[in-house]
Amino acid sequence: MRRHRRWFTGAVLAGGIIVLAVFPLNSTPYTNYQIALVATYAVAILGLNLVSGYAGQISLGQSAFFGLGGYCSAIATVKAGWPLPASFLLACALPAAVGLVVAIPAVRLRGHGLAIFTLALPLIGVALAKRYADLTGGSEGLGARISQAPAWTGLDRDQWTYYVVLAIAGALFLLARNMVTGRLGRALSTIRENEVVAVSMGISPQKYKALAFAMAATFGGAAGWLYVYTIGFISPVEMEFLLSINLLAMMVVGGMGSVLGSLLGGVLYVYIPIAVGTVDPVRTTLLYGAILVLVLFFAPGGIARALHRAGDWLGGARAGSGPGPQRPSAATTAEQGVSPMTKT
Amino acid sequence: MTVRAVQQVIDGLASGSIYGALALALVLAHRATGVVNFAQGQMAVVSTFFAWSFVQAGLGVIPAVVLTVAASLLFGAAVERVAMRRFERESPMIAIVATVGLLLLLNGMSSLIWGYELKAFPPAFSSGTLRAGGAVVSITALGTFLVLVAVVLLLYALMMRTRLGLALRAVADNPDSSALSGLPVGHLLMVGWGLAAGLGAIAGCLVAPKLYLDPNMLAGVLVYALAAAVLGGFDSPLGAVVAAWIIGVSENLAATYIGFIGNDLRISVPLLLTVLVLLFRPQGLFGRREVVRV
């Protein structure tokens, strides 16, 4: 059963990669940019998932790191003339450092201290971006068309952007998957289920929560870089609090504690407004909120978990016995009365 | 110089009172159901829109606010029963995410119903000033402060001197034992959330003349209120109010006297203050130290 499933997953992945590789050659620039944006937001949601889905801490500040990464890339390339790879490293490192500085006091709070702390980050970020207008372009934002297809590829800008963004996003997804299925993931899920047990096993909850938060910030920053690479522009709007909670909503809808769920979250974040044919932010907010509440009521593990269950049902296996990166969310785990710990 | 400082302190107490009202709401909802309600500010905005509609319908400001507080009691109770009840026994994280969903829903709905252009909200107090010594105190600042003091006293009387208050405290302390003692736990949770929404309505109506009414009016205030609740210990109503005053005053003083902070970065003050305090007292100023039992 397990081997069969692994073979199936491999085939789906290989097929998916081939489709994704061929796709941009025949599609419109509009669609290519859209898919690059899906990958971009999926990375931001993946980061959020590391801290929320795996470490069990709500972060409402992901947009601050997204914006910080975006500004790093735009300022480093346009204002300072850095090469692209260096700007990418900066867009990961600076948010990571800020994340760590914020997380170290925040994880000392019991309960959901991180949520309350992170709530302030987008507001501070927007204020800073507006204040240092020389550097950031203030409210008008900063244009940075940093993506350009090398001549030897013969690709258009949109196709090149698509490949670069998807390749980086794919690498980050692989990195996250390896992290959450390895030592870090086990430590985090132990902390999430029972901190006392974690402490008695020599796992420091504070250290790992801070680490998870720094990782989330890093992914947020990387997503900000990808955003600027795709859109060629960054402004304080991309930092606003509403983006944070929309990302959080789509993470939960996609599937908390699931790598696949983060990808689904990115798809939903970009395509829900398009599907209903509105770019009106008011309608979108209402829609994100309504979908989030519906999912919480009827499928608390999110779509990834529901898909997983459907797959198990089709395969005739009992729910929850499959392999893969999916972890049951805290809620579904409590429902089943089984913690991941008892299985490992 | 000193006169200016005194004035800053008084203004700080006034804005602190507004943070305090919302922080009290957060603490009440948290004590009732153990949920940090991130939608508290958004619920208060909806209440303020009620008040605005009443005023548009021709009511005076004070009757409109009173009516709004009454309506908000029902609104808060309904939100608890319809939206939150299901998530209260789940993991705290799911409950918080549910409040975030509520925030998005209410934000979208109020934009849809009332639009998102700024609306002027009539002040409840006259715009005059009082002179005491060299300092000039605006009646609005004084009134806001006194309203919060009155609210705290009323709440204290309700919680400590009535059977309902006793029941509410019992449910906050131990819902299971309360249920076994025959208390209607579900109804009391609704009362807790109703009271919280009523307090939010007061905060919203007090701050709306200054900030102008729009669906995102209280996003910033919520940060201050959460910081106040955390600083006060999240279980202590008095702690929340005192912390809110401390935050209001220090924010005003920092914005005036620390050049780097200025007006646009004053939102960082509650954050820094909370960090500083929590490094030394993780349970907050007035909170009980939590002992983890295995």
Computed about the Cα centre, the charge dipole of chain A from +1 Lys/Arg and -1 Asp/Glu charges at the Cβ has a magnitude in debye, to the nearest 20, of 1100 debye
Between the alpha carbon centres of region A:124-167 and region B:1-47 the gap in Å comes to 39 Å
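As a footprinting exposure proxy, order B:E90, B:E117, B:E251 by other Cβ within 10 Å, with the fewest listed first. Provide the component values of the computation, followed by the final result.
Working: B:E90 20, B:E117 8, B:E251 25.
Ordered from fewest to most neighbouring Cβ atoms within 10 Å, B:E90, B:E117, B:E251 come out as B:E117, B:E90, B:E251.
Rounded to whole Å and sorted largest first, what semi-axes of the equivalent ellipsoid does the C-alpha gyration tensor of chain A yield via the square root of 5 times each eigenvalue?
Working: eigenvalues 196, 127, 69 Å².
Sorted largest first and rounded, they come to 31, 25, 19 Å.
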Listed residues B:V230, B:V151, B:V45; largest mean-square fluctuation, Gaussian network over chain B with Cα springs below 10 Å, found at B:V151
With the dipole of region A:2-343 defined by +1 on each Lys or Arg Cβ and -1 on each Asp or Glu Cβ, the option from A:L50, A:A64, A:S189 whose Cα lies farthest towards the positive pole is A:S189
Counting only residues 5 or more apart in sequence or on a different chain, those whose built amide H sits under 5 Å from that of B:S138 are B:L130
Among B:G58, B:G165, B:G108, the residue with the largest mean-square fluctuation in a Gaussian network model of chain B built from Cα contacts under 10 Å is B:G58
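Using helices alone, I'd like the mean residue ellipticity at 222 nm for chain B: each DSSP H run of four-plus residues gives -39500 (n - 2.57), total over residue count, nearest 500. Numbers along the way, then the final one.
Details: 12 runs with 210 residues, N = 294.
Result for chain B: -24000 deg cm²/dmol, rounded to the nearest 500.
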Distance in Å, no decimals, from the C-alpha centre of region A:212-253 to the one of region B:93-116 is 20 Å
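Over chain B, what is the relative contact order in percent, taking alpha-carbon pairs closer than 8 angstrom and at least six residues apart?
Computed value for chain B: 35 percent relative contact order.
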Helix-only [θ] at 222 nm, chain A, -39500 (n - 2.57) per DSSP H run of 4+, per residue, nearest 500, equals -24000 deg cm²/dmol
Log entry: pair-distance distribution for chain B, C-alpha pairs binned every 10 Å from zero, whole % per bin is 7, 27, 36, 22, 7, 1, 0
Out of B:M159, A:A120, A:A198 - ranked by how far each Cα lies towards the positive end of the dipole of the protein assembly as shown, with unit charges on the beta-carbon of charged residues - the top one is A:A198
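With helices defined as uninterrupted DSSP H runs, which ones in chain B have an alpha carbon span along their own long axis of at least 18 Å and mean Kyte-Doolittle hydropathy of at least 1.6? If you can, show how the numbers build up before the last one.
Working: long enough: B:2-33 (45 Å, 0.91); B:40-56 (24 Å, 0.73); B:61-79 (26 Å, 2.38); B:92-114 (32 Å, 1.87); B:139-161 (32 Å, 2.27); B:185-211 (39 Å, 1.53); B:219-232 (20 Å, 2.21); B:237-257 (30 Å, 1.20); B:268-280 (19 Å, 2.70).
Sorted by number, the helices that extend far enough and score high enough are B:61-79, B:92-114, B:139-161, B:219-232, B:268-280.
D for the protein assembly as shown, whole µm²/s, Stokes-Einstein with Kirkwood Rh over alpha-carbon pairs at 4 °C and 1.567 mPa s: what number? Walk me through the numbers on the way to the answer.
On the way: Rh = 25.6 Å.
Translational diffusion coefficient: 51 µm²/s.
Using Cα pairs under 8 angstrom and six or more residues apart, how large is the relative contact order of chain A, in percent? Don't skip to the answer; put the middle values down first.
Values: 551 pairs, mean separation 102.1, N = 344.
About 30 percent, as a whole number.
For region B:18-220, give the magnitude of the charge dipole about the Cα centre (Cβ charges: +1 Lys/Arg, -1 Asp/Glu; no others), in debye to the nearest 20.
Working: 11 positive and 7 negative charges, 66 e Å.
It comes to approximately 320 debye.
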With DSSP loop assignment and no more than 12 other C-beta atoms within 10 Å, the trypsin sites (Lys or Arg not before Pro) in region A:126-155 are none
Connecting every pair of Cα atoms under 10 Å apart in chain B and solving the GNM, the largest mean-square fluctuation among B:D173, B:D11, B:D235 falls on B:D173
To the nearest 20 debye, the protein assembly as shown has a Cα-centred charge dipole, built from +1 on Lys and Arg Cβ and -1 on Asp and Glu Cβ, of 1480 debye
Of all stretches in chain B that avoid trypsin sites (Lys or Arg not before Pro) placed in a DSSP loop and having at most 15 other Cβ atoms within 10 Å, the longest is B:90-287
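Every number in this text was worked out from the coordinates using simple rules, so none of it is lab data. Here the structure is a predicted model, which means the values were calculated and not measured. Cβ atoms come from the backbone with ideal geometry, glycine included; neighbour counts cover every protein chain shown.
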